[in-house]
Amino acid sequence: HRSDGSGSFTLNYQFKACPLSNDAEPNDTEGLGDMLVSGSTVQGRLGYVDSNNKCDQDDWYKIQVEKDGMVQFVLNCNQDHELSIQVLEFFWCSSDTHNFFSRASKWYFSNDTLTVTDVGVGTYYVKLHRGGGHGGYKLKYIFTANSYANDVEPNDTSGSGTTLESG
């Protein structure tokens, strides 16, 4: 748009793509998102604003834990665009009310690991919430099973335990 005067100008357009692939959408709300498999790494993006002025702020993923053990989520953000994660959060969901409850979280970082050591059998969710900037990330999920066999249930009250043999 001309403000005043006359003359010519040169306009150059440059585009630099994010080097990391995008995550599968929709995964912006609780309960949505792809299933993560232990040992796998997913790539995603947060903070880009589309032509409808919508900014992707959250990405959710789901995991299925088959044995008691430890879960780890290793996050690495693409630093070209200064993406920072406000919170990486680990949730369980009640089967009766379908409400989500936070079990553990890491706040304000770009590269770190969230470790939860006391995870029992069940379905869980992990959420990445953008703190600032934009860019891509890699999220690796690692599960380590507890090396001890579980005791025979039920044995939570007196008289319901297993009989121990001497020797």
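The values are calculated or read from the model by the stated rules, or taken from the named source; none is laboratory data. Quantities reported herein were computed from a predicted structural model and do not represent experimental measurements. Glycine gets a Cβ as well: all are built from the backbone with ideal geometry, and neighbour counts include every protein chain shown. For accessibility, only protein heavy atoms count, side chains too; no ligands or nucleic acids. Shrake-Rupley method; radii C 1.70, N 1.55, O 1.52, S 1.80 Å.
Picking from residues in the stretch 24-59 that are in contact with a Lys or Arg (Cβ under 9 Å, 6 or more places away or on another chain), hydrophobic (A, V, I, L, M, F, W, C) and in a strand (DSSP E or B), the one that is surrounded by the most Cβ atoms within 10 Å (Cβ to Cβ) is LEU46.
For the stretch 114-167, the set of residues classified as in a loop (DSSP other than H, G, I, E, B) and of a type in the set (Ser, Thr, Tyr) consists of SER147, TYR148, THR157, SER158, SER160, THR162, THR163, SER166, listed by residue number.
The rows are residues; the columns are (1) more than 13 Å from the chain's Cα centre (by Cα); (2) of a type in the set (Gly, Ala, Ser); (3) open to solvent by 80 Å² or more (accessible area, probe 1.4 Å).
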position	(1), (2), (3)
SER84	yes, yes, no
ASP118	yes, no, yes
TYR124	no, no, no
LEU128	no, no, no
HIS134	yes, no, no
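Please tell me if TRP92 is open to solvent by 80 Å² or more (accessible area, probe 1.4 Å) and part of a strand (DSSP E or B). Working first, answer last.
Values: open to solvent by 80 Å² or more (accessible area, probe 1.4 Å): yes; part of a strand (DSSP E or B): yes.
Yes.
Whenever a residue of the stretch 93-116 is within 14 Å of LYS127 (Cβ to Cβ) and among the polar types (S, T, N, Q), its partners that are part of a strand (DSSP E or B) and open to solvent by 70 Å² or more (accessible area, probe 1.4 Å), lying with C-beta atoms within less than 9 angstrom and at least six residues away or across chains, give the pairs SER102/TRP92. So, in the stretch 136-159, of the ones that are surrounded by fewer than 10 Cβ atoms within 10 Å (Cβ to Cβ) and hydroxyl-bearing (Ser, Thr, Tyr), which residue ends up modelled with the lowest pLDDT? The qualifying residue modelled with the lowest pLDDT is SER158.
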